[in-house]
Structures are given as C-alpha cells and as structure tokens.
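The values are calculated or read from the model by the stated rules, or taken from the named source; none is laboratory data. This one's a predicted model, so the numbers in the text were calculated from it and none came from an experiment. Here the Cβ positions follow ideal geometry from the backbone for every residue, glycine too, while neighbour counts run over all protein chains shown.
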Protein chains: 2
Amino acid sequence: MIGIFDSGLGGLTALREARRIMPNADFIYFGDTGRVPYGSRSNDTIVRYATQIMHFMAEMRVDAALAACGTVSSVALESLRSFCHIPLIGVVEPTAKAAAAATKNGRIGVIGTGATIKSGAFERALARISPDVKAIGEACPLFVPLVENGFIQADDVVTLEVARRYLAPIGAFGADTLILGCTHFPIIAESIKRTLPDVTLINSGREAALALSEAAPAHSLEGHGSLTCYVSDNPENFRDVASIFLGERFDAPICKIDIERY
Amino acid sequence: MIGIFDSGLGGLTALREARRIMPNADFIYFGDTGRVPYGSRSNDTIVRYATQIMHFMAEMRVDAALAACGTVSSVALESLRSFCHIPLIGVVEPTAKAAAAATKNGRIGVIGTGATIKSGAFERALARISPDVKAIGEACPLFVPLVENGFIQADDVVTLEVARRYLAPIGAFGADTLILGCTHFPIIAESIKRTLPDVTLINSGREAALALSEAAPAHSLEGHGSLTCYVSDNPENFRDVASIFLGERFDAPICKIDIERY
C-alpha cells in the first residue's frame, strides 16, 4: 500500500502521475480538506497537522508515502522523518534535481504558496545539488483559489493577468526553467506557459511520483491498482472538485476521517 | 466586554463599525486564522468550530457577541443560541432588514461564500421580513482570496473582471439592492459598485454592528474603549493583513489561543 497526502486536492495531480507510473500499486490518498489551506499557516501548525497525517498513514500500514504538498515538504519533512520509518518522499528534493538537470543557463525560478517560498526550501535544495545555479522564488498565493474555483481555461483573462503580475520577476530574472512548487499549479500550466513561453516547467507532482516509485518496496508495486480516498471534511465537496485535478471522472470511494484524533 | 468573532480577518470590518458606534465599549475579537476559510466546509464542521468559539467567549465573560461571519450566521446561529444565554447577533437578520427597507423595486441580490449562498439564509430572512421581495443569491468564492492577497484597488482589472462574471446574474435579475453577505466584501465595495453602478450596497458588518449596539447590555457600553485580539494561528500574519481591513495601522495586542481545546 502506498500513501499520498496533501493539504487538500492538489496532491491528486501527483496521484495521477503515480498511478501512471505504478499501475498495479494499491493507493490511499488523504486530503486534509477540513484544514486546507496550509500555505498561509505557521510552521508549528503545519508540522502538527502533518504529524497527525503520518500517524494515520502508519495506522493504514502504508509501505511508502509521498507528501504531495509543497508546504509540508518545505517545512515539515525532517520532523516527520524523525519518527516515521518508511520511505517518505517530499516534492522538494526530486523537483530540485529535475530542475537542476533541465536548466541550460543556470537560472531557475520557483513558484509556490507563501509558506513554501518563505521557507526557501527549493532554493536551498538547488544550492546543495548544483551550487552554481541561481534561483529566484515568488509566492503565487492566488493561484490556488483560482484553480479551486475553476479559473483554469488557458485563455482565462483573470488567470493570465494574475500570472503576468506574479511571474514578471521570474521573466526579468531570465530564468529558463520554472519549478511549479505547488501541486495545484500544473492545472494552470498552460496559462503559465503563455506568460513565460520560453521557460521549461518542472511539475513537482510528476518528479515526486517518479522518486516515490524508486523508493517504494518492490512488493508494494504488485497490488490490484486500487484507490481509496480519505478526507477530513465533506466527501461530496471533494468528489465535485477532484475531477478537475484528475482530468477524468472521479469514482473512487471517499471516506471522511477525524484527523484531529491522530 | 463585547465579543466579535469571524473565521478570519473579515470580521474586522464589522469591528471597525462597532467601535465607531460604541466608542467606550471594551472589545475582544477572535479570528479563527488557524482554520479559515469556513465558506467551503460542511455544516457539521462549521457548527463545531463556532461552538468552540462560543465556549471561548463564555470563558472571557463577554456580555454580548457578534458572529461577524456570513457562514456562521447562516448555518450555525440557532445551534449556538440553544446553549448560549447572552445576546448573540448574526449578520443575516439585521442585514436582511436593512435591505428590505432599502429596495424600491423589490428585487434584492445576495452575494457571499459558497456555504452562505447554498444555505439560502439571507433569502429566507428576506422572505420572512418582506414576503413580496424577490431575491437572487450568487456565490462569489474568489472575492475572499482576492481581498486577502491585496487585489483591492478599485481599478484592479483582475477584481473587476471577476466581479463582472460573478455579478452578471444580479444585473440581469434587475436588483436595485445588493447584500454584501460576507465581511470581506466591503473592502472591494468600490469594484462591486463599478460593476453594478445603480445598485445600493448593504454592508452586513455595519448592519450587524448596529444591531449589536441595540442588543448589548447598557453597562457593556461603558468601558475604556479597549481592544484585544485572539487568533488560532501566527499573530504576526494576522497583524500584517489586519490593517487592510481596519483601514488604519493595527496596534492592538494579539494573542494566540488553542481553539481546539474549547
């Protein structure tokens, strides 16, 4: 069993990639829909929430887990690894590796939630992996509600104008590679691409799913290809929006749990 | 002591009005910044959160309280009144009264979060107060993150375009009066006004503050004009954004509490 979790729905973009790469694995997905968004919360709160989720994952006997959340990966991963003894993948390290391999001019942009950018986690990982790379981070907090409220058409003038403002410093910096450091952002990749047409986008969900497939024990890849979702708020709200993220009708069972008990 | 609470910062617009009307009263404000936003959560969750807040308000010995949150006022007020024995004002009833008094053509629009509009609470209150009035509700979920991320200039093309899409059905309906059913919305009243220039806007925070001043015991109005704020997440984040809502530098003490203990 492989566990993927996120503060809400965004991690479904990583789940989609993971199921493509590991079609026979059994997955559980937890979306903390009762406490989303994490991006504007303090580090203490984020660590506490993520710790509860790992306790739930342990109870579900997962063999490997993916924190498909830029915020958790940026501020809570070391703390989680101190008590959890299964492979735990975040989005930061694998994404930074892919970006460092992709850049030609050594200039990489990073976009994410406020907490992700404030943490500087992607920039620090890039400096470790490739000390000569220069990186610039820009918080794009409005991208998350734009996606969740359906402003996702590539030619939506609202999303294009918000992208133009947020991404102007990335363009001025001359980045040739851009890390989408939040799992919501691939949904509006086309709008981002129109704003920065010559830049290579690195999808953190896809890179993390690849790293997960390498870290997961072999036996966990040979299941029945099942999927069960768990959420901390109303399952029906989750189903309604999940199809946006999965790019297809969402039919998996969805169970509500009381995450505050963990 | 008078208590005002909200899911986050929006209630500060009601606090501002309340302090203008009751300059000598002592106020406490609670913003549930660790669990904001309420608007997309299930009714059970909203009732549970609001119940914890009223337990905190009781511990602080408030003489009267205002739920300055369209979502709580719409779905949780009756439940709160079943156990709390101080005057508890919501935004729905006083706002509906003011709108019913203001309309000339009997057509009223209501805008709010998804949960507020889904609840139909403003429309039901209007039907009770003035059975001949016709009302139309439209959810405007993106207005809240637009305000919190500073897209608040009256000529901001992003906010104007979002307003144009959300408010088109209100215009087509022929409303002459529009209830701003979320305490965030007065911050972008100018953008809303430009989109619907001939419509009278009803500010739910102001109407609720007036109702609070009538319901509060006389002795609670004769204090020192003090203010203390409580939040459930990082106080510094709160201070940074609070000045947007208060329209002035925010200097009151801010304490973090663990609202989940109540």
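Per-structure values
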{"quantity": "Some residue of region A:151-166 being more than 14 Å from chain B (Cβ to nearest Cβ), in contact (Cβ under 8 Å) with a residue 24 or more places away in the chain, of a type in the set (Phe, Trp, Tyr) and under 30 Å from B:GLY39 (Cα atoms)", "calculated": "no"}
{"quantity": "Region A:13-29, subset closer than 19 Å to A:ILE254 by Cα and in contact with a helix residue (DSSP H, G or I) (Cβ under 6 Å, 6 or more places away or on another chain), residue farthest from the other protein chains (Cβ to nearest Cβ)", "calculated": "A:ALA25"}
{"quantity": "Options A:SER213, A:SER191, A:SER232, A:SER243: the member that is out of contact with any helix residue (DSSP H, G or I) (no Cβ under 6 Å at 6 or more places or on another chain) and either surrounded by 24 or more Cβ atoms within 10 Å (Cβ to Cβ) or over 20 Å from A:THR113 (Cβ atoms) (or both)", "calculated": "A:SER243"}
{"quantity": "Qualifying residue in region B:219-237 (condition: among the aliphatic types (A, V, I, L, M), closer than 26 Å to A:ARG35 by Cα and either assigned by TED's automatic domain parsing to the domain that holds B:LEU126 or touching a residue at least 24 places away in the same chain (Cβ under 8 Å) (or both))", "calculated": "yes"}
{"quantity": "Qualifying positions in region B:76-109 - within 23 Å of B:ALA215 (Cβ to Cβ) and crowded, with 24+ Cβ neighbours inside 10 Å", "calculated": "B:ALA76, B:ILE89, B:GLY90, B:VAL91, B:VAL92, B:PRO94, B:THR95, B:ALA96, B:ALA99"}
{"quantity": "Number of the condition not met by A:ARG164 [criteria: (1) buried (at least 23 other Cβ atoms within 10 Å of the Cβ); (2) assigned by TED's automatic domain parsing to the domain that holds A:GLU123]", "calculated": "(1)"}
{"quantity": "Subset of region A:138-149 that is outside any loop (DSSP other than H, G, I, E, B) and surrounded by fewer than 22 Cβ atoms within 10 Å (Cβ to Cβ) - its residue that is farthest from the other protein chains (Cβ to nearest Cβ)", "calculated": "A:GLU138"}
{"quantity": "Failed item, numbered, when B:TYR49 is tested on (1) more than 29 Å from B:LYS134 (Cβ to Cβ); (2) modelled with pLDDT under 95", "calculated": "(2)"}
{"quantity": "Complete set of residues in region B:40-97 that are part of a strand (DSSP E or B) and touching a Lys or Arg at 6+ places or on another chain (Cβ under 8 Å)", "calculated": "B:LEU88"}
{"quantity": "Whichever residue in region B:172-186 is over 21 Å from B:SER130 (Cα atoms) and either out of contact with any Ser or Thr (no Cβ under 7 Å at 6 or more places or on another chain) or of a type in the set (Lys, Arg) (or both) and, among such residues, is nearest to the other protein chains (Cβ to nearest Cβ)", "calculated": "B:HIS184"}
{"quantity": "Boolean, B:ALA242 is assigned by TED's automatic domain parsing to the domain that holds B:MET57 and small (Gly, Ala, Ser)", "calculated": "yes"}
{"quantity": "Segments classed as strands (runs of 3 or more DSSP E), wholly inside region A:198-262, with at least 2 members that are within 14 Å of chain B (Cβ to nearest Cβ)", "calculated": "A:254-256"}
{"quantity": "Which listed residue, of B:ASN149, B:ASN105, is modelled with pLDDT under 95 and over 15 Å from the mean Cα position of the chain (by Cα)", "calculated": "B:ASN149"}
{"quantity": "Only one of A:GLY3, A:GLY31, A:GLY10 that is closer than 17 Å to A:TYR230 by Cβ, touching a His at 6+ places or on another chain (Cβ under 8 Å), surrounded by 23 or more Cβ atoms within 10 Å (Cβ to Cβ) and not hydroxyl-bearing (Ser, Thr, Tyr)", "calculated": "A:GLY10"}
{"quantity": "Identity of the residue in region B:156-180, over 23 Å from A:VAL144 (Cα atoms) and part of a loop (DSSP other than H, G, I, E, B), that ends up farthest from the chain's Cα centre (by Cα)", "calculated": "B:GLY174"}
{"quantity": "Scan of region A:174-184 for residues that are at pLDDT 95 or above and crowded, with 16+ Cβ neighbours inside 10 Å, ordered by number", "calculated": "A:ALA175, A:ASP176, A:THR177, A:LEU178, A:ILE179, A:LEU180"}
{"quantity": "Condition check for B:ALA25: in the same structural domain as B:ALA215 (by TED's automatic domain parsing) and part of a loop (DSSP other than H, G, I, E, B)", "calculated": "yes"}
{"quantity": "Qualifying residue in region A:115-137 (condition: within 14 Å of chain B (Cβ to nearest Cβ), in a helix (DSSP H, G or I) and in contact with a His (Cβ under 7 Å, 6 or more places away or on another chain))", "calculated": "no"}
